[in-house]
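**Student:** Have a look at this one before I ask anything.
The values are calculated or read from the model by the stated rules, or taken from the named source; none is laboratory data. Computed from a predicted model, the values in this text were never measured in an experiment. Here the Cβ is made from the backbone with ideal geometry for all residues, glycine too, and neighbour counts use every protein chain on show. Remember, those area values only see protein heavy atoms, side chains included, never the ligands or the DNA or RNA. Shrake-Rupley method; radii C 1.70, N 1.55, O 1.52, S 1.80 Å.
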Amino acid sequence: MSRTGLAPRPDLDRTMTSWVGVKPDGKMADWVRFEPGGRVQVRNGKVELGQGIGTAIAQIAAEELGVPLDVLDLVSGDTGLCPNEWWTSASISIERGGLAVRIACAEVRETFAAAAARRLGVDPATLTVRDGSFVSATGGSIDYWGLLEEVDLHQEITGNVAPKPSAAYRVVGRSVPRRDLPRKLSGAAYVHDLDLPDMWHGRIVRPPSSDAQLAGVDEEKLRSRVPAVQIVVNGRFVGVVAPREEDALRAIAVAQTAVRWTTPADLPDPSGMVDWLHGHVRDSTELAERSASKPNDTQSFHATYSKPYLAHASIGPACAVAEWRESDGIVQGLTVWSQTQGNFGLRSQLAMALGVPEEIVRVIHQDGAGCYGHNGADDVALDAALLSRALGRPVRVVWSREDELVSAPFGPAMTMDLSAELAADGAIVDWKYQVYSPPHLSRPGWGEGVGLLAAWHLAEPFVQPAVENPSLALGGGGDRNAVPPYLFPNQSVIHHFIQRGPLRSSALRALGAFGNVFAIECFMDELAAASDADPLAFRLRHLTDERARATLERVTAVANAAPTAPDDGEVRGRGLGFSRYKNSAAYCAVVAEVRVDERVHVERVWAAVDAGLVVNPDGLLNQIEGGIVQAVSWTLIEEVKWDENQVLTRDWESYPILSFSEVPAIEVVLLDAADRPSSGVGECAAGPTAAAIGNALF
């Protein structure tokens with residue numbers, strides 16, 4: 001499986017953020033096709049998950065091709081049509097996926113320009129492309145569609161054509177309406193509403209814990225209460241299927257009492273997770289080390305921070321539709337409609353779990369609720385495929401709220417131990433940081449074996465893959481943003497990896513950056529207070545990155561210019577948080593204002609972001625605002641709870657999320673950095689927001 005749509009070219013100088021030396025895999029026709037009637041279709045592997053990238057990538061394509069945005073159709077996330085661009089994750093959809101489309105479209109444009117120049121008898125350098133037409137400076141023009149018989153796009157992309165300079169942009173850099181919203185607002189977009197002929201509806205009876213064993217199924221009770229139900233039992237995998245959804249809902253309600261489990265009491269005490277993490281380290285990696293002489297008269301400070309397990313808590317539960325096709329005992333194919341973040345990875349895993357060739361499996365992305373990482377979207381796809389195979393007809397499976405909060409992977413608990421030494425003048429002269437974390441990444445296809453929940457429950461079960469922490473070059477996991485952005489003469493940063501935690505864990509928005517940034521920034525405030533320094537000045541003293549300094553200075557200026565809260569006797573505080581996401585993506589600084597009575601209320605939040613070239617400013621602002629809201633919810637409210645047998649947070653009462661009335665007033669400013677490459681922003685606000693809240697309370 002190819003892991004990216006961009007292939008490095010060793011013969012050219014290359015960087016992660018420059019077009020030079022990288023190229024999209026495949027042929028130009030794999031990415032761009034011109035359709036009759038003056039339309040153009042662009043295909044890509046990054047999918048729309050509510051973050052607005054479908055609009056932004058369409059803008060990039062229209063800009064490079066020189067066609068009106070309204071004649072461009074974007075097709076994403078279909079393994080039968082689109083290039084493989086790995087997962088839509090890690091805030092690299094514009095940084096990498098947008099770059100792939102930009103390079104492909106630039107090469108298509110220049111290929112057509114050469115043909116236009118031949119047709120018009122002019123030098124290609126004299127041509128400009130405007131609204132889909134190549135116009136000569138000496139007169140004459142011809143559009144893309146008039147050249148189709150002369151241009152062969154079935155040629156490998158070389159990556160040798162320079163995209164347009166940002167100074168020439170007319171489409172990129174403008175806020176345009178979101179393309180995905182009309183279908184979402186009408187309900188036409190969602191996989192939950194997909195309706196195939198002869199489709200039945202399924203629900204799954206999940207084991208109450210990962211080690212629970214099936215003790216029995218009273219099938220007679222089920223059939224007597226819901227005559228239309230079909231029951232599928234394969235090992236510990238138990239599904240009920242019915243021709244109408246209301247029958248499936250009745251069946252799953254009866255099944256809760258008709259299916260019996262034995263559940264071992266083997267989960268650790270959640271109140272002792274810090275000690276549990278310290279005691280279950282598999283290996284340790286030094287991420288950064290620096291040593292120099294330091295004064296003798298220093299003060300030492302220590303702190304420990306932690307974060308709990310967090311649920312993805314998608315508003316809409318996971319759903320998939322599967323259609324298994326078989327004739328005379330010969331499997332013809334499987335099509336799955338899924339809200340997955342990784343269509344090609346899911347295709348490979350489904351083929352492996354079902355024992356069929358990968359080539360006959362097609363996965364088509366269909367919108368679902370915001371997933372924020374690896375939730376139940378992939379697992380439910382195998383559920384639907386297993387039931388469809390058993391019945392020989394299309395099956396739609398929707399998880400329950402309890403399934404979503406209990407059976408989907410969680411963002412793992414973490415603990416962070418810090419120590420530092422301050423010189424007499426208040427400078428940090430020694431910094432030691434240790435983070436302890438289970439895996440943050442166990443997506444299907446990451447590691448050997450099948451990483452889908454139902455595969456582990458079959459009568460002939462697949463072994464749950466033993467996952468490893470991804471390298472920092474791939475974005476990292478528990479070590480993401482563990483290395484601080486500040487410069488200290490003595491420094492040690494160590495990541496302690498726990499291969500398997502007490503609960504199943506995988507990617508949740510920002511991965512380890514949420515806990516690491518929170519810990520680093522809270523400790524910075526405590527050290528600033530110990531040295532009687534202003535928190536902003538203290539940070540700037542230890543920062544050499546000018547873009548980082550500008551981002552911090554901008555957010556504090558905006559917050560300081562805002563009207564102060566009324567003096568009504570309430571206890572209020574403001575706090576600051578900062579990071580450069582993954583130490584390589586967007587810069588984000590946040591100021592939070594909190595009010596404290598019997599609980600903490602976040603009332604106002606200001607953020608400043610430097611994301612390089614911004615494709616769609618409105619879309620980027622949406623991402624930052626959404627990240628802030630989610631981080632407020634994580635920081636103040638959310639926590640997975642369990643006892644010795646099972647997870648206890650099973651509904652919105654036991655696992656509440658931020659309500660609309662609790663959303664703070666938010667103001668986001670974007671720094672002008674159009675001369676810089678675009679960098680990922682979707683997850684950059686999480687850690688700084690949590691830290692700003694913690695520091696406001698401090």
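**Student:** Those residues that are open to solvent by 10 Å² or more (accessible area, probe 1.4 Å), in contact (Cβ under 8 Å) with a residue 40 or more places away in the chain and either touching a Lys or Arg at 6+ places or on another chain (Cβ under 8 Å) or assigned to a loop (DSSP other than H, G, I, E, B) (or both), I need them from the stretch 357-372; list them, please.
**Tutor:** Start the filter on the stretch 357-372 by keeping residues that are open to solvent by 10 Å² or more (accessible area, probe 1.4 Å), which leaves 357-360, 362, 364-370, 372.
Restricting the remaining residues to those that are in contact (Cβ under 8 Å) with a residue 40 or more places away in the chain gives 362, 364-370, 372.
If the condition is that a residue be open to solvent by 10 Å² or more (accessible area, probe 1.4 Å), in contact (Cβ under 8 Å) with a residue 40 or more places away in the chain and either touching a Lys or Arg at 6+ places or on another chain (Cβ under 8 Å) or assigned to a loop (DSSP other than H, G, I, E, B) (or both), then Arg362, Gln366, Asp367, Gly368, Ala369, Gly370, Tyr372 are the ones that fit.
**Student:** Further question on the same structure: Only one of (1) under 17 Å from Gly80 (Cβ atoms); (2) surrounded by 14 or more Cβ atoms within 10 Å (Cβ to Cβ); (3) over 17 Å from the mean Cα position of the chain (by Cα) fails for Gln332. Which number is that?
**Tutor:** (2)
**Student:** Let me ask something else. Please go through the stretch 122-147 and give me each residue that is open to solvent by less than 70 Å² (accessible area, probe 1.4 Å) and either among the basic types (Lys, Arg) or part of a loop (DSSP other than H, G, I, E, B) (or both), ordered by number.
**Tutor:** Val122, Gly132, Gly139, Gly140, listed by residue number.
**Student:** Looking only at residues in the stretch 435-448 that are of a type in the set (Gly, Ala, Ser) and touching a residue at least 60 places away in the same chain (Cβ under 8 Å), which one is farthest from Thr415 (Cα to Cα)?
**Tutor:** Residues of the stretch 435-448 of a type in the set (Gly, Ala, Ser): 437, 442, 445, 447.
Among the residues that remain, those that are also touching a residue at least 60 places away in the same chain (Cβ under 8 Å) are: 437, 442, 445.
Working: Ser437: 7, Ser442: 20, Gly445: 27 Å.
Here the answer is Gly445.
**Student:** Looking at this structure, is Ala106 among the hydrophobic types (A, V, I, L, M, F, W, C), open to solvent by 30 Å² or more (accessible area, probe 1.4 Å) and in contact with a Pro (Cβ under 9 Å, 6 or more places away or on another chain)?
**Tutor:** Details: among the hydrophobic types (A, V, I, L, M, F, W, C): yes; open to solvent by 30 Å² or more (accessible area, probe 1.4 Å): no; in contact with a Pro (Cβ under 9 Å, 6 or more places away or on another chain): yes.
Spelling it out, it is not the case that Ala106 is among the hydrophobic types (A, V, I, L, M, F, W, C), open to solvent by 30 Å² or more (accessible area, probe 1.4 Å) and in contact with a Pro (Cβ under 9 Å, 6 or more places away or on another chain).
This table checks each residue for (1) touching a residue at least 24 places away in the same chain (Cβ under 8 Å); (2) under 30 Å from Ala369 (Cα atoms); (3) assigned to a helix (DSSP H, G or I).
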position	(1), (2), (3)
Glu149	no, no, yes
Arg174	yes, yes, no
Pro177	yes, yes, no
Leu196	yes, yes, no
Gly202	yes, yes, no
Pro208	yes, yes, no
Val238	yes, yes, no
Glu246	no, yes, yes
Arg250	yes, yes, yes
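**Student:** Further, regarding this structure: Kindly indicate whether Ser419 is touching a Lys or Arg at 6+ places or on another chain (Cβ under 7 Å), small (Gly, Ala, Ser) and closer than 22 Å to Leu648 by Cβ.
**Tutor:** Working: touching a Lys or Arg at 6+ places or on another chain (Cβ under 7 Å): yes; small (Gly, Ala, Ser): yes; closer than 22 Å to Leu648 by Cβ: no.
Judged against the criteria, Ser419 is not a match.
**Student:** Next question. Looking only at the stretch 566-583, decide whether some residue is under 22 Å from Val614 (Cα atoms), among the aromatic types (Phe, Trp, Tyr) and modelled with pLDDT of 95 or more. If you could, list the steps in order and put the result at the bottom.
**Tutor:** Restricting attention to the stretch 566-583, the residues satisfying the condition of being under 22 Å from Val614 (Cα atoms) are 578-583.
Now narrow it down to the ones that are among the aromatic types (Phe, Trp, Tyr): 578, 581.
Still in the running and modelled with pLDDT of 95 or more: 578, 581.
Yes, there is a match, as at least one residue in the stretch 566-583 is under 22 Å from Val614 (Cα atoms), among the aromatic types (Phe, Trp, Tyr) and modelled with pLDDT of 95 or more.
**Student:** Follow-up question, since we're still on this one. Pick out the one residue from Ile94, Ile60, Ile103 that is of a type in the set (A, V, I, L, M, F, W, C), in a helix (DSSP H, G or I) and within 15 Å of the chain's Cα centre (by Cα). Even if it seems obvious, please write down each step before you answer.
**Tutor:** Numbers: Ile60 fails: within 15 Å of the chain's Cα centre (by Cα); Ile103 fails: within 15 Å of the chain's Cα centre (by Cα).
Unique residue meeting the criteria: Ile94.
**Student:** Sticking with this structure for a sec: Which condition does Thr304 not pass, out of (1) under 26 Å from Trp399 (Cβ atoms); (2) β-branched (Val, Ile, Thr); (3) under 30 Å from the mean Cα position of the chain (by Cα), if it passes all the others?
**Tutor:** Going through (1) under 26 Å from Trp399 (Cβ atoms); (2) β-branched (Val, Ile, Thr); (3) under 30 Å from the mean Cα position of the chain (by Cα) one by one, Thr304 breaks only (1).
**Student:** Would you mind stating whether Trp456 is out of contact with any helix residue (DSSP H, G or I) (no Cβ under 6 Å at 6 or more places or on another chain) and within 24 Å of Arg96 (Cβ to Cβ)? Reasoning before the result, please.
**Tutor:** On the way: out of contact with any helix residue (DSSP H, G or I) (no Cβ under 6 Å at 6 or more places or on another chain): yes; within 24 Å of Arg96 (Cβ to Cβ): no.
Judged against the criteria, Trp456 is not a match.
**Student:** Can you name the condition, by its number, that Val435 falls short on among (1) in contact with a Leu (Cβ under 6 Å, 6 or more places away or on another chain); (2) outside any loop (DSSP other than H, G, I, E, B)?
**Tutor:** (1)
**Student:** Scanning the stretch 175-197 for residues that are farther than 26 Å from Pro394 by Cβ, out of contact with any Gly (no Cβ under 6 Å at 6 or more places or on another chain) and not β-branched (Val, Ile, Thr), which turns out surrounded by the fewest Cβ atoms within 10 Å (Cβ to Cβ)?
**Tutor:** Just the residues of the stretch 175-197 that are farther than 26 Å from Pro394 by Cβ, to begin with: 175-179, 181-182, 185.
Of the ones still in play, those that are also out of contact with any Gly (no Cβ under 6 Å at 6 or more places or on another chain) are 175-177, 181-182, 185.
Next cut, not β-branched (Val, Ile, Thr) only: 175, 177, 181-182, 185.
On the way: Ser175: 15, Pro177: 11, Leu181: 13, Pro182: 11, Leu185: 9.
Filtering the stretch 175-197 for residues that are farther than 26 Å from Pro394 by Cβ, out of contact with any Gly (no Cβ under 6 Å at 6 or more places or on another chain) and not β-branched (Val, Ile, Thr), the one surrounded by the fewest Cβ atoms within 10 Å (Cβ to Cβ) comes out as Leu185.
**Student:** Tell me the strands (runs of 3 or more DSSP E) entirely within the stretch 1-55 that contain at least 1 residues that are farther than 16 Å from Ser76 by Cα, of a type in the set (Gly, Ala, Ser) and at pLDDT below 90.
**Tutor:** The strands (runs of 3 or more DSSP E) meeting that bar are 6-8.
**Student:** Sticking with this one: Would you point out which residue out of Ala353, Ala313 is within 25 Å of His201 (Cα to Cα), part of a helix (DSSP H, G or I) and open to solvent by less than 40 Å² (accessible area, probe 1.4 Å)?
**Tutor:** Values: Ala313 fails: part of a helix (DSSP H, G or I).
Selected residue: Ala353, the only one of Ala353, Ala313 that is within 25 Å of His201 (Cα to Cα), part of a helix (DSSP H, G or I) and open to solvent by less than 40 Å² (accessible area, probe 1.4 Å).
**Student:** Okay, moving on. What do you reckon, is Leu69 farther than 27 Å from Ala377 by Cα and open to solvent by 30 Å² or more (accessible area, probe 1.4 Å)?
**Tutor:** Numbers: farther than 27 Å from Ala377 by Cα: yes; open to solvent by 30 Å² or more (accessible area, probe 1.4 Å): yes.
Against the criterion (farther than 27 Å from Ala377 by Cα and open to solvent by 30 Å² or more (accessible area, probe 1.4 Å)), Leu69 qualifies.
**Student:** Here's another thing I want to ask about it. For Leu99, state whether it is hydrophobic (A, V, I, L, M, F, W, C), in contact with a Leu (Cβ under 8 Å, 6 or more places away or on another chain) and at pLDDT below 95.
**Tutor:** Yes, satisfied.
**Student:** Do the conditions hold for Arg96, that is, is it touching a helix residue (DSSP H, G or I) at 6+ places or on another chain (Cβ under 7 Å), touching a residue at least 40 places away in the same chain (Cβ under 8 Å) and either open to solvent by less than 50 Å² (accessible area, probe 1.4 Å) or within 30 Å of Leu346 (Cβ to Cβ) (or both)?
**Tutor:** Working: touching a helix residue (DSSP H, G or I) at 6+ places or on another chain (Cβ under 7 Å): no; touching a residue at least 40 places away in the same chain (Cβ under 8 Å): yes; either open to solvent by less than 50 Å² (accessible area, probe 1.4 Å) or within 30 Å of Leu346 (Cβ to Cβ) (or both): yes.
Against the criterion (touching a helix residue (DSSP H, G or I) at 6+ places or on another chain (Cβ under 7 Å), touching a residue at least 40 places away in the same chain (Cβ under 8 Å) and either open to solvent by less than 50 Å² (accessible area, probe 1.4 Å) or within 30 Å of Leu346 (Cβ to Cβ) (or both)), Arg96 does not qualify.
**Student:** Is there a residue in the stretch 405-417 that is open to solvent by 10 Å² or more (accessible area, probe 1.4 Å), assigned to a loop (DSSP other than H, G, I, E, B), of a type outside the set (Ser, Thr, Tyr) and within 24 Å of Arg480 (Cα to Cα)? Walk me through how you get there before you give the answer.
**Tutor:** Within the stretch 405-417, the first condition is being open to solvent by 10 Å² or more (accessible area, probe 1.4 Å), and the residues that meet it are 406-407, 417.
Checking the rest, the ones that are also assigned to a loop (DSSP other than H, G, I, E, B) come to 407.
Subsequent filtering for residues that are of a type outside the set (Ser, Thr, Tyr) retains none.
No, because not a single residue in the stretch 405-417 is open to solvent by 10 Å² or more (accessible area, probe 1.4 Å), assigned to a loop (DSSP other than H, G, I, E, B), of a type outside the set (Ser, Thr, Tyr) and within 24 Å of Arg480 (Cα to Cα).
**Student:** Testing Asp378 on (1) more than 19 Å from the chain's Cα centre (by Cα); (2) open to solvent by less than 20 Å² (accessible area, probe 1.4 Å), one condition comes back false. Which one is that?
**Tutor:** Unmet condition: (1).
**Student:** Any residue that is in contact with a strand residue (DSSP E or B) (Cβ under 6 Å, 6 or more places away or on another chain), among the aromatic types (Phe, Trp, Tyr) and buried (at least 18 other Cβ atoms within 10 Å of the Cβ) - is there at least one of those in the stretch 198-212?
**Tutor:** Yes, that holds for at least one residue.
**Student:** Tell me, which residue of the stretch 267-306 that is open to solvent by 90 Å² or more (accessible area, probe 1.4 Å), of a type in the set (D, E, K, R) and assigned to a loop (DSSP other than H, G, I, E, B) is nearest to Val483 (Cα to Cα)?
**Tutor:** Step by step, filter the stretch 267-306, then rank; the result is Arg282.
**Student:** Any residue at all in the stretch 317-329 that is acidic (Asp, Glu), open to solvent by 40 Å² or more (accessible area, probe 1.4 Å), closer than 20 Å to Asn516 by Cβ and in a strand (DSSP E or B)?
**Tutor:** Step one: filter the stretch 317-329 for residues acidic (Asp, Glu), giving 323, 326, 328.
The next check asks that each one be open to solvent by 40 Å² or more (accessible area, probe 1.4 Å); those that pass are 323, 326, 328.
Keeping just the survivors that are closer than 20 Å to Asn516 by Cβ gives none.
There is no residue in the stretch 317-329 that is acidic (Asp, Glu), open to solvent by 40 Å² or more (accessible area, probe 1.4 Å), closer than 20 Å to Asn516 by Cβ and in a strand (DSSP E or B).
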